[in-house]
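Take a look at the structure below.
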Amino acid sequence: MKYNFDEIIDREGFHAAKYDERKKKFGREDVIPLWIADMDFKTAKPVIDAMVKRAEHGIFGYVSKPDSYKIAATSFQKRRHGWDIDKEKMSFAVGIVPAIAELVREFTEPGDSILIQTPVYPEFYEVVEAWDGRNVIENELINEDGYYRMNFEDLEKQLKTSPKLMILCNPQNPVGRVWSKEELEKLGNLCLEYNVPIISDEIHGDMELFDNKYIPMATVSKEIQNNTIVCFSATKSFNLAGLQACFVVFPNEEWKDIFDAYWGGLDIHRNNCFSLVAMETAWNEGEEWLDGVIEYIEDNMRFVKDYIDNNIPKISLNLPESTYLLWLDCTKLGMNPQELEEFMVNKAGVGLNNGSNFCRGLEGFMRMNVACPRSMLEKALNQIKDAIDELVE
């Protein structure tokens, strides 16, 4: 069916964090919200229909997970990405961030270090530092005119310090890289050499842009698979983040049992009734919508890049290979992180994510979410242009 991604959908009054938390996040409620990573699009029609049908049943008691739920997930991964998953090594979690936080808690001790590659999703810092005595060590990516690559020399240097875990972002948020098989293989083999298990956050894997191909870390080699825990979900791909469900795929029963025991102790081992229906339907019937939304997001990204290249020379960007997020280089504005955020909020009226949250000490970068109707982007870009033009007059 034909989806209209240009439709403006009023999300206010529906407790949407992206809108309702603007005052808390930015100090004012009138900014155009292009920050938190969810979409301003209705999800796939089959998903909506399945949830309406479930709601009409009228009973919302505890739910069990049928075999069809895991089969939907594994079939999608095989069909879309060529990844054969052992269903017996999959665990449910309420979200990837809680899952990674618990993995850090269970597989490390106070005083241990956990390695991350920056700039990266800010919660990678938080899931480590939430536990007493755990420390983040950083392997900063190399920025070559807006294209980022791994710094393997520094990576090996950091691995030699004996971190207990490495948290990988594949594909990478915020810089949008789809890591190649060669890059993943080199990273994976280094982690094997220094006996460092990998937790791979692959929530953006389905958002393959501009003919780039996401490679699940568990498919790189058998040896690397045996050293890697992979987290994935349908929540980003199908705009279902509020339903809070994901899968964690383990290489062995021992690690899985440790993880499951913790959540079992909290009696958190079930989906809610809507997430179960939505996820299964998305994986089984949502690919037409997913292909459509990817095409629309690609066009949005081209639109933003063309607009900025032609109208805002003090900002630059490269088109990402995955995600619906743009990494804006605003260093030519000469502002520190606080000044840059205040400028975007109070002068341009746009709510973006500050780049300093993705890499501590980083200045001059902002993250923009373009998963919205193009008219919203055009309005935001016009406001940014006008604010910068006024600044340089």
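Some points to look at:
- Segment 19-42, subset under 14 Å from residue 380 (Cβ atoms) and assigned to a loop (DSSP other than H, G, I, E, B), residue nearest to the chain's Cα centre (by Cα): 35
- Any hit, segment 281-295, residues being among the small types (Gly, Ala, Ser), within 30 Å of residue 60 (Cα to Cα) and surrounded by 18 or more Cβ atoms within 10 Å (Cβ to Cβ): yes
- When the helices (runs of 4 or more DSSP H) confined to segment 236-320 are screened for residues that are among the aliphatic types (A, V, I, L, M) and farther than 25 Å from residue 88 by Cα, those reaching at least 3 such residues are found at 287-311.
- Filter result for residue 223 (touching a helix residue (DSSP H, G or I) at 6+ places or on another chain (Cβ under 7 Å) and among the acidic types (Asp, Glu)): yes
- Within segment 43-157, strands (runs of 3 or more DSSP E) holding 3 or more residues that are out of contact with any Pro (no Cβ under 9 Å at 6 or more places or on another chain) and more than 28 Å from residue 214 (Cα to Cα): none
- Residue within segment 83-94 that is outside the structural domain of residue 253 (by TED's automatic domain parsing), closer than 22 Å to residue 245 by Cβ and modelled with pLDDT of 95 or more present: no
- Considered as a group, the residues in segment 365-393 that are among the small types (Gly, Ala, Ser), closer than 25 Å to residue 209 by Cα and buried (at least 17 other Cβ atoms within 10 Å of the Cβ) include one that is farthest from the chain's Cα centre (by Cα), and that residue is 380.
The values are calculated or read from the model by the stated rules, or taken from the named source; none is laboratory data. Nothing here was measured: the structure is a model prediction, and the numbers come from that model. So basically every Cβ, Gly included, is an ideal-geometry build from the backbone, and we count neighbours across all protein chains shown.
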